[in-house]
Amino acid sequence: MIGRTISQYRILDKIGEGGMGVVYRAEDTKLSRPVALKFLPAPFTAEPAARARFVNEARAVSGLNHSSIAVVHDIGETPEGQMFIVMAYYDGGTLQDRIDRGPLPAAESIRIVRQVASGLAKAHAAGVIHRDVKPANILITRDGEARLTDFGLARLAGTTRITQAGSTMGTAQYMSPEQARGEEVDQRSDIFSLGAVLYQALTGQLPFPGEHGAAVLYNIVNTEPAPIPASAGVPPALASIIGRMLAKRPE
């Protein structure tokens with residue numbers, strides 16, 4: 001794929017990969033700007049549900065104009081039928097990259113999560129639930145600004161469900177209890193996931209660890225996270241907020 005030109009986009013290098021796509025850095029040859037191209041994995045190309053989910057991602061994000069949501073420029077398809085989304089390219093890394101270097105100071109964690117929460121509020125007001133809020137889906141630019149990306153699991157409110165009832169979508173470690181049980185979710189599920197992100201940013205640890213997926217899901221539904229250590233410097237009011245975000249019952 002590297003070196004190939006698709007439409008007006010010349011692919012330069014691979015910058016990421018996830019369950020719903022492979023991302024490349026590319027050059028928009030018409031507008032002379034860097035962009036990120038996200039391709040639906042080839043094995044999913046023939047699956048109508050996956051293609052519909054991919055289109056929903058583009059539609060959901062393109063309709064949201066917010067400084068903390070990654071910009072979507074276009075959607076296209078290769079001659080071979082592989083779909084892709086053209087997004088703004090942000091020079092930096094992910095919040096996961098930052099956490100891998102160690103816990104963040106409370107002030108930095110709050111600043112990042114406030115930005116993401118603002119973007120989520122915009123999405124929720126438009127009827128869009130992200131369903132996969134996690135550090136790997138939060139880009140941090142070199143200027144320190146947060147951008148929420150990968151709405152591949154989002155569902156536009158009022159549209160036909162793409163996933164079957166009883167199925168789970170998202171990343172296990174950040175799922176809400178209702179999501180882990182395969183139940184219907186609303187915006188509160190994203191709030192739970194953001195609480196897990198904030199907990200991890202402050203402590204460097206997952207709130208619901210486990211040696212395998214089933215153990216993680218059990219802990220999410222049945223156990224409470226370990227108390228945040230005093231060394232994290234978390235004010236009691238912030239710890240209380242995190243506790244509410246990670247409540248087992250949505251209400």
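Read-outs: derived from the displayed coordinates by stated rules, not from any lab. What you see is a predicted model, and the numbers here were worked out from it, not measured in a lab. A quick note on method: Cβ atoms are made from the backbone with ideal geometry, for glycine too, and the neighbour counts reach across all protein chains shown.
Summary table
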| read-out | value |
| --- | --- |
| Local electrostatic count, Arg10, Cβ distance below 9 Å [Lys/Arg +1, Asp/Glu -1] | -1 |
| Rounded, prolate or oblate (a/c below 1.5 giving rounded, otherwise prolate when a/b exceeds b/c) for the stretch 176-230 by Cα gyration tensor | oblate |
| Radius 13 Å from Cβ of Met175, net charge of other residues (Lys, Arg +1; Asp, Glu -1) | +1 |
| Percent of alpha-carbon pairs separated by more than 25 Å within the stretch 24-139 | 31 |
| Inter-probe distance in nm under a simple model that places probes 7 Å from Cα toward Cβ, at Ala230 and Ala42 | 5.7 |
| Those lysines that a straight Cα-Cα span of less than 26 Å connects to Lys14, excepting residues fewer than 8 apart in one chain | Lys30, Lys38, Lys134 |
| Shape box of the chain [Cα atoms, principal axes, largest first, Å] | 53, 41, 35 |
| Radius 12 Å from Cβ of Lys38, net charge of other residues (Lys, Arg +1; Asp, Glu -1) | -2 |
| Gaussian network model of the chain, springs between alpha carbon atoms under 10 Å - residue of Leu198, Leu217, Leu238 with greatest fluctuation | Leu238 |
| By average C-beta atoms within 10 angstrom, highest first, the peptides 94-100, 187-193, 223-229 | 187-193, 94-100, 223-229 |
| Point-to-point label distance, Glu145-Val221, nm (Cα→Cβ direction, 7 Å offset) | 4.2 |
